[in-house]
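Below: one structure, written as structure tokens.
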Amino acid sequence: MLRIAYSSPVNPVESGISDYSEELLPSLGQYAEVVLFVEPGLVPSNPQLQSHLEIRPLDELPRAHARRPFDAIVYHMGNSPAHGSIYEHAQRLPGVVVLHEWVLHHLKLWYAAAREKNIDVYLQEMQARYGPAGERVARKMSRGQLQDAAFTMPLVEDVVERAVGLIGHSRFVVDQARSLRPTLPAAVVPMGVPLPPLIDSTNARARLGLNPSAPIWASFGHINPYKRMEGALRAFRRFRAEEPEAHYILVGSVSPSFDLQSLIRRLDLEGAVSVTGYVPRDDFQHYVAAADLCLNLRLPTAGETSASLLRLLGARRPTLVSAVGAFAELPDSVCAKVDADWSEAELILAYARLFRRYPAVAKQLGRNARAYVAREHSLAGAAEGYLRFLSEVYGWDMPQRRRDVLWDVGAIDPRDQAPQGHNSKSALEANGSSGSSGTAQPSLVAATVAEIGAAAAELGVHEDDQNSGAMIASTFADLLSGGKRKR
């Protein structure tokens, strides 16, 4: 049987990649013997890992490979200190790198300060790779002054240069890597997430003590200066003027570099916005089920593919994403895309009004989203993608499954199917671009019923007696007047 050395954070390390690996490993183990290499001293908290896999400290990998070479070596790289040791070993003993995001800048800054205890290493690399502009950004970053420009200076070059091959979960990451190293073997492989359970919204709200009828918005994950909170909260303030019981729940920890409470006070939203902090997975799923609208916004982007976003889509939640990086690759029929510019708050508000006024639109978007995740991001498909690429890089035949999934992490409900969308333009691209004055041209607002109906068909929505084409046209005209630009 093939032997694969697999290096990744796992729980209790608080990283989305910890959850990701613990969900993928049972399916990879169908094809090969997987030896899990973890940070020295780490004891995995998931008992399934210890029951089904050989687990060894990462610093033993070079000796273990020298004694009995592995058929493949896989390193998971992300932009956080959780990947410091993995970065170090990937430089010394090259393997296939799974690059979860294009930007590793913040990891490299931490590595120079904490591991090498020499910030000059970071300053010198920034100057060597990006010139005087890089040095200026580096000096500010090293003093704790966050710089958006850091996202244009990814410090990923040495990782790409040393890799035997590269796996990305988006075309964005793979294309960026090939622009640096055109001959690098690289492939887009589905992320792979288990479909979350479909929890009744009424039951979820009862468990969480939430108003059973109020409109609820929710954002999930670590809240930092890049999560576009000001635009979202400004849109929510206007929405709440129309829906006084509306509530916005922020589920996740808050960065110490972002004064969220001051922003909430400045917008006079105290009492209307709740911040939960970190919550266990079960509570997370109930907050998702309770939400009428989920927001997953960010700019600048590190080029990441978000597992938390896929979980929202898999839970059938109507979701807004920023139209940047890997998020722009999502089909228009499964999520609503928001430009991260002056029109951001207007578009968020317009979508929220649409989904509130026409629940059928929101429900169909959710059905499409779950079907997309089941079809394109299954754990089985991800495992097959890994093995196919590894076989090409290392020169062995694609293996057959030799055993069942090592342990169960969730299953697709075969009854949960949704119709496929077609290739019509998205609802917000139905009738041209915005005018130069910052408001939609009159022809956009006066869009015909037929044109709007074609756009709505992207979501699988059809006219009926309750939601006439004229009403849908009027609502989509509200969206268009928000200044959406054609992409």
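No value in this document is a laboratory result; all are computed from the given coordinates. Bear in mind the structure is a predicted one, so any value in this text is a computation, not a measurement. No Cβ is skipped: glycine too gets one built from the backbone with ideal geometry, and neighbour counts run over all protein chains shown.
Rounded to the nearest whole Hz, the Karplus-based 3J(HN,Hα) values (6.51 cos²θ - 1.76 cosθ + 1.60, θ = phi - 60°) of region 158-168 follow the sequence 5, 5, 5, 5, 8, 5, 6, x, 9, 10, x, with x at glycine and proline. Give the long-range amide H neighbours of PHE37: residues separated by 5 or more places, or on another chain, with amide H under 5 Å away, using H modelled in the peptide plane at 1.01 Å from N. It is TYR6, SER7, SER8, ARG56, by chain and number.
Short-range pairs are left out: with C-alpha atoms under 8 Å and at least six residues apart, the relative contact order of region 194-376 is 25 percent. Put a dot 7 Å past the Cα of ARG63, heading toward its Cβ, do the same for THR202, and the two dots end up 6.2 nm apart.
Region 254-333 and region 171-236 have Cα centres separated by 6 Å. Here the Karplus relation 6.51 cos²θ - 1.76 cosθ + 1.60, evaluated at θ = phi - 60°, turns the backbone of region 20-28 into coupling constants of 3, 5, 5, 8, 7, 4, x, 7, 4 Hz, with x for every Gly and Pro.
Around the amide H of ALA186, modelled in the peptide plane, lie the amide H atoms of LEU166, all under 5 Å away and 5 or more residues distant in sequence or on another chain.
In region 207-270, what GluC sites (Glu not before Pro) fall in a loop by DSSP, with at most 11 other Cβ atoms inside 10 Å? Hits after loop and neighbour filter: GLU245. Centre-to-centre, using Cα atoms only, region 1-39 and region 336-406 are separated by 21 Å. In a DSSP loop and with at most 10 other Cβ atoms within 10 Å, the trypsin sites (Lys or Arg not before Pro) in region 134-193 are ARG143. Tell me whether region 194-376 comes out rounded, prolate or oblate; compute the Cα gyration tensor, take square roots of the eigenvalues as a ≥ b ≥ c, and use a/c under 1.5 as the rounded threshold. It is rounded, given that a/c, with a ≥ b ≥ c, falls under 1.5.
Taken along the Cα-to-beta-carbon direction at a fixed 7 Å, the label points for ALA114 and GLN127 span 2.6 nm.
Let's test the formula: R0 of 22 Å, r as the Cβ-Cβ distance of ARG357 and ASN211. What FRET efficiency results, to the nearest 0.05? Rounded to the nearest 0.05, the efficiency is 0.70. Extension gain for the segment ASP341 to LEU42, taken as residue separation times 0.36 nm less the Cα-Cα distance, is 103.4 nm to one decimal. Computed from the Cβ-Cβ distance with R0 of 51 Å, the FRET efficiency linking THR183 to GLN261 stands at 0.50.
Computed 3J(HN,Hα) for region 253-260, one whole-Hz value per residue from the Karplus formula 6.51 cos²θ - 1.76 cosθ + 1.60 where θ = phi - 60°, is 6, 10, 5, x, 8, 10, 8, 5, glycine and proline marked x.
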